[in-house]
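The values are calculated or read from the model by the stated rules, or taken from the named source; none is laboratory data. Note that the coordinates shown come from a computational prediction; the quantities given were computed from them, not determined experimentally. In this analysis, Cβ positions are derived from the backbone assuming ideal geometry, glycine residues included, and neighbour counts consider all displayed protein chains. Ligands, DNA and RNA are excluded from the accessible area calculation, which covers all protein heavy atoms including side chains. Shrake-Rupley method; radii C 1.70, N 1.55, O 1.52, S 1.80 Å.
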Amino acid sequence: MTPAPDSFAALKLSAPLLKALADVGYETPSPIQAACIPPLLEGHDILGEAQTGTGKTAAFALPLLQKINVSLAKPQALILTPTRELAIQVAEALQRYAKHLPGFHVLPVYGGQSMVVQLRQLSRGAHVIVGTPGRVMDHLERKSLVLDNLTTLVLDEADEMLRMGFIDDVEWILNHTPATRQTALFSATMPDIIRRVAHKHLRNPKEIKIRSATTTVAAISQAYIQTHAGNKLEALTRVLEIEDDLDAALIFVRTKIATVELADKLEARGYSAAALSGDLTQALREQVIERLKSGSLDIVVATDVAARGLDVARISHVINFDVPYDTEAYVHRIGRTGRAGRTGRAILFITPRETRMLGAIERATRQKITPLAMPTPNEVANRRVAQFTQQILDTLKDEKLEFFFDVVRRIENENEIGAREIAAALAYLAQKDRPLQLAGHQAAATSDAPRPRATAGNIAPVGAGDTPSSKPRAPREASPYAVANDAAAAPKRERAPRESFTEDAPRPRRTDSAPKRHDLSDAPARYRIEIGKNQGVMPKEIVGAIANEAGIDGKQIGQINLFDDYTTVELPGNLPADVMDVLQRIRVRQFALKARVLAPGEFVEDSRPPRKAAPRKPFDGPRKSFDGPKKDFDKPRKAYDGPRSGHAPPRSRPPFDSAKKPSGATRKVTLGPRKPKI
Ligand code: AMP
């Protein structure tokens with residue numbers, strides 16, 4: 001792949017799009033954008049091997065928007081996505097990029113949403129439709145969606161659509177769109193079936209793949225922490241508190257705006273942090289780097305571009321707050337630590353959808369990236385206690401305390417209280433600005449607290465009160481699953497957060513009505529649902545309902561066996577109560593699933609032989625109506641047994657290796673207020 005051009009303007013994007021990109025703070029095109037945008041603007045078909053996190057949405061969205069004739073209120077582009085969540089997300093991205101295209105309208109359509117609402121929205125006219133294959137087919141059959149003016153068709157996450165059993169629907173849709181259309185197909189992997197579809201339906205496509213160079217990064221220990229976008233800041237502050245040997249940290253984000261926002265938030269929490277982006281003048285940039293070198297600054301939040309060539313030996317940690325676009329960027333980022341013969345530590349924050357990137361990075365760096373669980377409030381509190389203890393020991397060793405001994409003795413004598421009580425009161429006063437205990441959590445100040453000396457890091461937030469975890473637990477909202485929401489009217493939002501918090505961490509508050517994605521790593525269990533062959537159900541409908549309504553990733557849905565009046569499905573064991581609740585209530589073909597875990601032996605004792613239905617590639621020909629019975633459900637189903645991807649989220653936190661710390665190293669423990677210097 002040729003080196004990415006430095007600006008979006010060089011890609012010949014129109015002024016309104018460039019303005020929108022500046023608004024969202026994108027500095028430079030990502031490699032996939034640099035590679036895809038020019039050929040798409042020239043009208044070529046594209047076969048792109050790219051995963052989530054590479055910036056592929058903008059790669060197809062920007063050229064598509066450039067071609068939209070806003071005065072024609074007819075669908076001119078169709079984007080097919082495997083899930084409703086992705087459909088909404090892509091539609092939101094399009095709306096952001098089209099901010100300066102007055103009158104532009106994008107409509108997400110997906111199963112589970114009210115047909116009546118969708119029909120009304122479609123009749124009002126939209127320039128771009130983003131939808132899941134089943135619902136798009138329904139609308140095409142009903143003629144509520146007419147694609148006579150379609151010029152662009154995008155297949156996003158084609159391998160996911162294949163895995164979820166939608167590939168025949170996709171082909172049906174491809175066959176019902178104008179042959180003159182431009183087509184872009186994106187897939188994280190390229191199994192043969194996808195290649196066959198591409199060969200059949202794309203015209204002389206340009207093949208684009210992000211190169212994954214392999215590099216050795218021996219001096220750097222790498223870890224990842226799985227979290228959702230909404231919880232990253234909390235995770236970051238906890239990681240910063242408990243990491244060993246933290247001297248200075250370089251934190252990578254994607255946009256210029258994010259550098260400033262995150263640096264501000266860290267400063268507000270008492271860290272000495274500054275932003276480094278392409279917006280800074282050379283003089284200011286040098287000033288920031290100098291301060292980082294001299295130790296008056298501990299954290300720099302940077303974009304890839306701004307951190308190019310940064311060489312500061314003090315940087316002990318590189319934190320990938322946002323995943324890089326590709327493995328090359330990752331290797332470049334983490335190369336900012338482990339310099340001048342030192343060892344370095346790289347921590348990657350990864351959301352469930354980005355887990356593929358993890359495998360790619362492991363391959364590229366030829367190194368295992370170890371999972372890191374979200375540090376618990378207790379761990380944070382214990383670390384603070386250890387730092388406090390260290391501070392007391394250092395003071396006893398280094399300071400002249402005769403006068404203070406006298407003061408304490410006087411207080412003891414005059415008030416008839418013991419030295420321990422006085423010490424406790426002093427400890428309270430000393431930590432008032434930065435409590436040792438996170439509110440609502442008990443710090444184990446004794447046995448399981450880390451020992452002083454081996455723990456204290458250089459970076460410590462001070463004087464800024466507590467981390468956000470100290471806020472009272474947010475009330476949980478009513479179940480969001482029951483109601484099909486109107487995505488077009490839905491407020492803009494991040495993906496629904498859920499994360500691998502331990503039991504004593506606060507649960508994030510849900511802010512929207514879309515289902516949470518559940519990245520459950522429990523051992524699979526077999527569940528029974530009350531719909532079967534006699535009700536004409538197809539595995540893909542079950543997969544679609546479970547994935548979309550219960551927020552369970554398609555990858556976590558295993559074998560499906562259809563029986564006459566019920567079906568068994570393999571799902572993660574120990575599903576949370578709220579997910580079980582949804583699984584009981586959601587309806588497929590009017591039947592509530594009433595899911596329950598099969599009792600041990602219940603399945604094997606069943607006398608009827610299971611009809612093994614492969615959920616991954618059911619085919620029953622074009623659907624006649626959107627909820628009518630399917631005619632050929634007895635046909636043998638072809639199983640797609642392609643590779644499954646995704647890393648299991650971390651199960652347990654590996655103990656930090658306190659022995660790592662150089663013996664006798666005197667760490668500066670900063671418990672008193674440290675004013676940010678910028
Ligand atoms: P995607 O791979 O399309 O899901 O994009 C992943 C994330 O990268 C999204 O949050 C985008 O907003 C962001 N993003 C995409 N392109 C750029 C860019 N050129 N600069 C900064 N952020 C970007």
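Just to be sure before I move on: is Ala9 more than 12 Å from the ligand (Cβ to nearest atom) and free of Cβ contacts under 8 Å to residues at least 60 places away in the same chain in the structure I sent?
So Ala9 fits the description; yes.
Going by what's in this entry, would Val128 be described as within 14 Å of the ligand (Cβ to nearest atom) and either in contact with a strand residue (DSSP E or B) (Cβ under 6 Å, 6 or more places away or on another chain) or among the basic types (Lys, Arg) (or both)?
no
Among the residues of region 177-192, what is the count of those that are in contact with a Ser or Thr (Cβ under 9 Å, 6 or more places away or on another chain) and surrounded by fewer than 17 Cβ atoms within 10 Å (Cβ to Cβ)?
Total meeting the criteria: 3.
Take Gly134 and decide whether it is part of a helix (DSSP H, G or I) and among the small types (Gly, Ala, Ser).
Considered against the rule, which asks whether it is part of a helix (DSSP H, G or I) and among the small types (Gly, Ala, Ser), Gly134 comes out as yes.
Could you please find all residues in region 193-218 being at pLDDT 90 or above and open to solvent by 70 Å² or more (accessible area, probe 1.4 Å)?
Within region 193-218, Arg195, Arg196, His199, Lys200, Arg203, Asn204, Lys206, Glu207 meet the criteria.
The conditions are (1) within 16 Å of the ligand (Cβ to nearest atom); (2) among the hydrophobic types (A, V, I, L, M, F, W, C); (3) within 21 Å of Leu266 (Cβ to Cβ); (4) at pLDDT below 95, and Phe349 fails exactly one of them. Which is it?
(4)
So which pairs qualify, if the first residue must be in region 291-319 and more than 17 Å from Arg339 (Cα to Cα), the second must be open to solvent by less than 10 Å² (accessible area, probe 1.4 Å) and assigned to a strand (DSSP E or B), the Cβ gap must be under 6 Å, and the two must be at least 6 apart or on different chains?
Leu297/Ala274; Val301/Ile251; Ala302/Leu276; Ala306/Leu276
Looking only at residues that are open to solvent by 10 Å² or more (accessible area, probe 1.4 Å) and assigned to a helix (DSSP H, G or I) in region 361-381, which one is farthest from Glu241 (Cα to Cα)?
Residue satisfying both the conditions and the ranking: Arg363.
Which of the residues belonging to region 19-44 are more than 12 Å from the ligand (Cβ to nearest atom), among the aliphatic types (A, V, I, L, M) and open to solvent by 40 Å² or more (accessible area, probe 1.4 Å)?
Answer for region 19-44, where residues must be more than 12 Å from the ligand (Cβ to nearest atom), among the aliphatic types (A, V, I, L, M) and open to solvent by 40 Å² or more (accessible area, probe 1.4 Å): just Leu41.
Which is buried (at least 16 other Cβ atoms within 10 Å of the Cβ), more than 11 Å from the ligand (Cβ to nearest atom) and modelled with pLDDT under 95, of Gln95, Gln51, Gln118, Gln76?
Gln118
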